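Report on one structure; see the data block that follows.
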Amino acid sequence: MGLRINDTAPDFTADSTAGQIRFHDWIGDHYAILFSHPKDFTPVCTDIEKVAGAPANFPIIDDTSLTVSKLYDMLPADAYMPDGRTAADSASVRTVFIVGPDRKVRLTMAYPMSVGRNFAEILRALDAVQATDGMPLATPANWVPGQDVIVALSVSTEDARAKFGDVDVKLPYLRTVKAPA
């Protein structure tokens, strides 16, 4: 079974473009975004600086052994053989994991190899995770930073006012507040 939200993200040590890293140490007290990449580099991904105008200033992990791909269940179903081995020509699907400072998985996304990722959505999701992490709040569909967030039903309107200030009660079960800074 794959990783789920609130699972502890598996730790690993790997060579990278920034030298050898141990994932949990590298995270420090920050959030981390872990992307999988196809087995072979594609022209789009290898020319990041040329296309985007900015260098890839994050470590790119060497996972030729598929150790990380297996730990994070990044391989497509047809990569696994009946005896549990992995097909030699396996390539990771395009997966994204947001991992919190406590090493817990906060978000997962998986795309087939034929679909490029939406980096605006990944950054929006990171903002939403950070805005609500450890708080009795949720973001509505299509939320973007600066918009109001929803107060969890587990918090009374009175307690929400004490904690967050003004509460806009749209319906008894839909109350919004300004997102914490």
Legend entry - Option label - log10 I(q)/I(0) by the Debye sum over Cα atoms at q = 0.16, 0.17, 0.18 Å⁻¹ computed here, alternatives (1) -1.18, -1.24, -1.29; (2) -1.09, -1.23, -1.36; (3) -1.05, -1.13, -1.22: (3)
Legend entry - Residues whose placed amide H lies under 5 Å from that of Leu75, excluding near-sequence neighbours: Val93
Inset, instruction - At 1.4 Å probe size, with every protein chain present, just tell me what the per residue accessible area of the chain comes to in Å². - result: 61 Å²
Inset, instruction - Whole Å is fine, so just give me how far the alpha carbon centre of region 1-18 lies from that of region 147-180. - result: 35 Å
Legend entry - Partner lysines for Lys178 [C-alpha distance under 27 Å; skip if fewer than 8 residues away on the same chain]: Lys104, Lys163, Lys170
Legend entry - Protein-only accessible surface order, largest first, of His24, His30 at 1.4 Å: His30, His24
Inset, instruction - Using a 1.4 Å probe over the heavy atoms of the protein chains, calculate the carbon and sulfur portion of the accessible area of the chain as a whole percent. - result: 55 percent
Inset, instruction - Give the long-range amide H neighbours of Leu137: residues separated by 5 or more places, or on another chain, with amide H under 5 Å away, using H modelled in the peptide plane at 1.01 Å from N. - result: Ala152
Inset, instruction - Give me the aspartates and glutamates in straight-line cross-link reach of Lys70: C-alpha distance below 18 Å, same-chain residues under 8 apart excluded. - result: Asp7, Asp11, Asp15, Asp40, Asp62, Asp78, Asp83, Asp89
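The values are calculated or read from the model by the stated rules, or taken from the named source; none is laboratory data. Note that the structure is predicted; figures quoted are calculated from it, not measured. To get the accessible areas, we keep the full protein, side chains included, count just its heavy atoms, and leave off ligands, DNA and RNA. Shrake-Rupley method; radii C 1.70, N 1.55, O 1.52, S 1.80 Å.
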